[in-house]
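J.: This is the structure, below, for whatever I ask next.
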Amino acid sequence: MKKESELESALSRNRRWVVNNQIKNIILRYPNSEIPIETLQKKFKTLDLQGKALNWLSRYPCCFQIHDNRCRLTKRMMNLVEQEHSLADSLQPLFARRLAKLLMLTPRNRLTVLKINEFKRAFGFPDDYVIRILPNYPNLFRIVNESGRRSSMAIELLHWDAELAVSAVEASAVKLGTPPRFSCSLPSSWVKSWERFREFDEIPYISPYSDPRGLVEGSKEMEKRNVGLVHELLSLTLWKKASIVKLGHFRREFFLPDRLNVLLLKHPGIFYVSNKYKIYTVLLREAYVGSQLVDKDPLVVVKEKFGELMQEGLHEYNQRRRLLNVEKRRKLGVPLISVDGAKGRRRSHEVDDDGDSNGRDSKVVGLFDPEERKRFYRVLFDDDVS
């Protein structure tokens with residue numbers, strides 16, 4: 001599949017956010033929400049990070065506060081944590097609805113807790129959803145454990161709700177007053193892909209909430225149903241995207257094919273598949289305009305504030321490093337070299353007492369200027385700053 005820069009940006013945007021969110025959760029588990037830097041360093045391998053923890057934390061001074069070789073969250077960060085927790089409490093009915101729909105996608109209306117846990121953050125569920133949400137809906141869910149082993153503990157749906165058994169595709173069709181069908185987001189120049197999509201579109205839509213056991217494996221109808229099921233699963237997630245490996249863990253429960261990536265790549269107008277950072281991820285095309293998510297869950301709005309706080313901190317960190325480098329060069333008597341953006345010419349210039357070059361506008365662009373935001377999101381989520 002051809003790489004598309006805007007969708008690649010959407011997929012990679014929260015890479016560092018995920019890491020910092022994990023660090024945040026680790027810190028909150030420790031007494032007084034503080035953790036020794038040495039302890040956090042040992043956990044870096046589980047976060048797939050290399051280098052010194054202190055260096056990483058220093059990049060985000062608006063998120064993490066370091067003192068006496070210990071790390072805690074800043075006041076602004078703690079405010080966001082409180083907002084997220086408060087919002088999660090108010091969204092319990094939404095979580096229950098989402099969990100019910102997930103269970104209704106399985107023929108047995110049941111999933112193990114271990115399986116659900118793999119997607120709990122993608123769905124926005126709190127870590128303690130089992131004890132926080134389930135007891136409030138005793139007529140809807142129950143815990144079952146036939147073998148007595150912890151790994152076999154499962155959540156079962158007690159009541160089938162026909163109103164919930166409506167997919168995102170079907171709900172959209174009702175609003176438009178049209179038969180349910182997938183939308184295709186491809187350039188008109190992709191002629192062969194459009195031809196394949198039109199042929200696929202002629203097959204009647206099959207609800208992912210219907211029982212698939214009457215369909216023939218490998219048939220076009222089964223393919224239609226499988227595409228619909230993955231589409232519905234992605235529609236239930238916060239960011240309308242998921243790891244293909246994690247989706248593959250549900251193959252048996254959802255009757256999905258073994259080679260799930262092949263199925264997804266066959267339908268580039270519906271799904272966008274990327275292997276950025278060597279992690280195969282699938283994204284629902286219709287959920288994005290450019291690199292921006294169209295319909296944002298309330299939790300996404302709060303989580304984006306976390307991203308903005310990271311952005312602000314990284315901006316501050318980069319500014320500090322730039323000024324230190326300027327001062328170091330000036331003390332060494334090394335002329336500063338810059339590149340003329342318009343003509344690509346190198347030119348040397350002196351630096352005034354404020355650390356800015358003479359003849360240049362020293363006004364810092366506001367953090368909320370669109371172009372400045374784009375630039376620092378690129379720094380934040382893509383390449384390391386040298």
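J.: Filter the GluC sites (Glu not before Pro) in region 162-206 to those in DSSP coil with at most 11 other Cβ atoms within 10 Å of their Cβ, and list the result.
T.: Here the GluC sites (Glu not before Pro) that fit, given the DSSP loop and packing criteria, are Glu163, Glu202.
J.: Continuing with the same structure: Long-range amide H contacts for Cys71: which residues qualify at under 5 Å (H placed 1.01 Å from N, peptide plane, sequence gap of 5 or more or a different chain)?
T.: Residues meeting the criterion, in which the H sits 1.01 Å from N, are Ile35, Ile37.
J.: Enumerate by residue number the GluC sites (Glu not before Pro) in region 86-162 meeting two conditions: DSSP loop (anything except H, G, I, E, B), and at most 14 other Cβ atoms within 10 Å of the site's Cβ.
T.: In loop regions of region 86-162 (DSSP not H, G, I, E or B), the sparsely surrounded GluC sites (Glu not before Pro) are Glu146.
J.: Over the C-alpha atoms of region 157-254, what are the Rg and the largest Cα-to-Cα span, Dmax, in Å?
T.: 14.6, 49
J.: For each pair in Lys24/Lys52; Lys45/Lys120; Lys2/Lys52; Lys101/Lys241, compute the distance between the two Cα atoms and list the pairs where it is over 28 Å.
T.: Long pairs (Cα-Cα over 28 Å): Lys2/Lys52.
J.: Would region 62-201 count as rounded, prolate or oblate if I go by the C-alpha gyration tensor, calling it rounded below 1.5 in a/c and otherwise prolate when a/b exceeds b/c, oblate otherwise?
T.: Here region 62-201 falls in the oblate category.
J.: Highest mean first, how do 293-299, 305-311 rank when packing is the count of other Cβ atoms within 10 Å averaged over residues?
T.: 305-311, 293-299
Here, each number is a calculation from the coordinates, and none is a lab measurement. Because the structure is predicted, anything quoted here is derived from the model rather than measured. Neighbour counts are summed over all protein chains in view; Cβ atoms, including those assigned to glycine, are modelled from backbone coordinates with ideal geometry.
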